[in-house]
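The values are calculated or read from the model by the stated rules, or taken from the named source; none is laboratory data. Please read these numbers as outputs of a predicted model, since none were measured by experiment. Because the Cβ atoms are built from the backbone with ideal geometry, glycine has one as well, and the counts that use them run over all protein chains shown.
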Amino acid sequence: MNNGGQYTPDDTLISALEQRLGTLLGARRDGSLDQRGHSEIKQISRVLCNRPHEPRCVLLSGLPGSGKTTLSRALIRHGFVRLCPDEEMWQRHGHYGRDFPRGQFRVRERPILEDVAAELRDLLARGEDTVVDHGFWTPEERAEWQGIAIEAGAVPVLVYLPATHDELWSRISQRNQQSDSDPNAIYFSEADLLRFQGRFVPPGPDEPHMIYSGDPEALMPVLLGSAPGSLS
């Protein structure tokens with residue numbers, strides 16, 4: 001039924017959706033729900049709430065060791081699709097500084113970012129909530145990727161993950177021990193970290209963003225439905 005230009009499901013469909021939703025919620029409680037199931041829960045909930053779907057595009061801004069990968073993986077449990085350029089870099093070219101020279105990173109990364117951006121456009125056009133596990137170190141880069149999201153009909157949400165030098169170096173030091181097998185554990189020295197910190201520009205007051213507190217659940221009200229104006 002169309003009510004004032006807005007689709008309203010009939011009683012039979014509502015009953016079927018509610019039954020399906022109950023099954024999916026049961027699977028989530030017992031831990032057997034996959035990513036597709038999480039997405040289906042959100043889609044059914046939107047129909048039952050009679051609101052259109054504007055997919056969220058979450059951009060994680062932070063230095064290595066700030067917690068981007070941990071947060072992005074947590075969002076998968078809420079139905080988000082995760083894109084990670086660093087993982088694709090590792091799959092195509094191997095280890096940074098060992099399988100290819102350090103000075104070639106940006107050159108090799110450029111086509112990967114173009115491919116990830118194309119995949120992001122496709123996902124958002126299909127209505128998929130998506131999180132991009134990337135550093136987004138400058139206002140220009142953040143604006144470019146927010147523009148991609150807006151052009152695809154999505155709501156961009158910038159999340160900043162602050163951390164002190166000691167916190168970052170402690171995490172990177174531990175992660176370096178897995179650098180041979182983990183694509184997210186690119187080996188960095190403390191000198192590398194200091195150089196990165198000099199290049200990183202945190203989101204300023206003129207860039208609407210959320211500051212991550214370490215609790216993924218605290219982000220969900222905005223990520224899953226609040227207006228962008230909820231960002232500070």
_Residue list for region 127-181, restricted to those being farther than 29 Å from GLN35 by Cα, free of Cβ contacts under 8 Å to residues at least 12 places away in the same chain and outside any helix (DSSP H, G or I)_ = THR164, GLN177
*Would you confirm whether any residue within region 209-220 is modelled with pLDDT of 75 or more, crowded, with 16+ Cβ neighbours inside 10 Å, assigned by TED's automatic domain parsing to the domain that holds ALA149 and touching a Pro at 6+ places or on another chain (Cβ under 9 Å)?*
yes
_So the check is Cβ under 6 Å with 6+ separation or different chains; which pairs have a first residue in region 108-126 that's without any contact (Cβ under 8 Å) to a residue 40 or more places away in the chain and a second one that's charged (D, E, K, R)?_
ILE112/GLU88
*Name the helices (runs of 4 or more DSSP H) wholly within region 1-109 that hold at least 1 residues that are of a type in the set (A, V, I, L, M, F, W, C) and modelled with pLDDT under 75?*
11-29, 35-48, 85-93
*In this structure, does ARG175 turn out to be over 17 Å from the mean Cα position of the chain (by Cα), closer than 25 Å to ALA218 by Cβ, at pLDDT below 95 and not aromatic (Phe, Trp, Tyr)?*
yes
